[in-house]
Amino acid sequence: GEEVREEFDVVMVCNGHYSEPWSATFEGSDTWPGSTSHSHNYRSPAPFANKRVVVIGASASGEDISREVSGQATQVFLSARSWQNPAWGGEGGSTFGPKNNIERKVPIRRLLADGSVEFEDGSVVEKVDHLLFCTGYRYRFPFLEHENIVTVQDNAVMPLFKHLLPPEAASIAFIGIPSKVIPFPQFEAQTRYVSQVWAGNVQLPSKSSMLQSIQEEVEQKRSARIPQKYFHVQGGAMFAYNDQLSALSGGPMTPAWRILMHNQCSSNKRTYPETYRDIALPTVEEYKRSSN
């Protein structure tokens, strides 16, 4: 179509980060005879009927999809370095799931030409039909690749002050970068803060101070042994982050009931992974009464 160029004073980038799947690469991938797919394209467990499947990654999609696929597959091996419930890592070779045919495994070391998969502990699973990657997504901004505004380094978008604003170009804001958050309340807090900055009602620190703040967070997470690819992962820390933005921009603080509800949902998911969606939660009014 026709190319149109227009000029704007400010721009919000809201292109999301769940459209560019990321898949790990393994030694032997070029000769391994099985098939592969990513959770981004998962729609139904039916294609996995009577197959031996290795699911890679055990965050939300990996835990959920492995259980759903196990209803059709002969056996499912869920491979990950860490688990949402640390106790799950001590299950050894025991099986679980609706059909008791899911086994937890350590990360993959390599793929073998005979269709086997070798894991980092030296164990080998033979006759694997399919690798299903539940390994998340990568940040990508193709419309900015030649602008030198931000770079994506090991899936961390840098540099962004408060995960939002490039110090060198604060007229562009990246909304929705943090992951493992409750999205829409955070989007509201972010856009309110950015709007108040652009309206002149909130003063940004100097460029050097913003860059220093970013570097301090990098060092803090490095000291905590958090891999750089998880730099934008917040989880429960989202509430303090949202409240910080709201305090600076005149927005409301996170209500206590929302934190209580989030914590209970998270606990239910780790404790009852097969049935947590069906567990009734207290009402907002009941949460409010319990927090007083």
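The values are calculated or read from the model by the stated rules, or taken from the named source; none is laboratory data. Here the structure is a predicted model, which means the values were calculated and not measured. All Cβ positions, even for glycine, are placed from backbone atoms using ideal geometry, and neighbour counts span all protein chains on display. Please note that ligands, DNA and RNA were not included when accessible areas were found on the heavy atoms of the full protein model with its side chains. Shrake-Rupley method; radii C 1.70, N 1.55, O 1.52, S 1.80 Å.
Of note:
- For the residues 181, 194, a 1.4 Å probe over the protein chains yields an accessible-area ranking, largest first, of 181, 194.
- Å² of accessible area per residue within the chain, as computed with a 1.4 Å probe and no ligands counted: 56 Å²
- Alpha carbon convex hull of segment 40-180, volume per residue in cubic angstrom: 148 Å³
- In Å², nearest 10: area of residue 26 left accessible to a 1.4 Å probe: 40 Å²
- Leading residue at positive end of dipole, the chain (Cβ point charges), from 78, 264, 23: 264
- Cα-based Rg of the chain normalised by 2.2 N^0.38 Å, two decimals: 1.16
- Three semi-axes of the equivalent ellipsoid, segment 207-292, Cα gyration tensor, whole Å, largest first: 31, 20, 8
- Here the chain has 49 percent of its accessible surface on carbon and sulfur atoms, given a 1.4 Å probe and all protein chains in place.
- The antiparallel fraction among DSSP beta bridges confined to segment 13-133 stands at about 30%.
- Of all DSSP bridge pairs formed entirely within the chain, close to 35 percent run antiparallel.
- In terms of packing, defined here as the mean over residues of other Cβ atoms within 10 angstrom, the peptides 70-79, 215-224 line up highest first as 70-79, 215-224.
- Segment 86-156 and segment 242-262 have their alpha-carbon centroids 34 Å apart.
- Translational diffusion of segment 193-243, µm² s⁻¹ [Kirkwood Rh, Cα pairs; Stokes-Einstein; 37 °C; 0.692 mPa s]: 255 µm²/s
- With contacts taken as Cα pairs under 8 Å at a separation of at least 6 residues, segment 194-278 carries a relative contact order of 17 percent.
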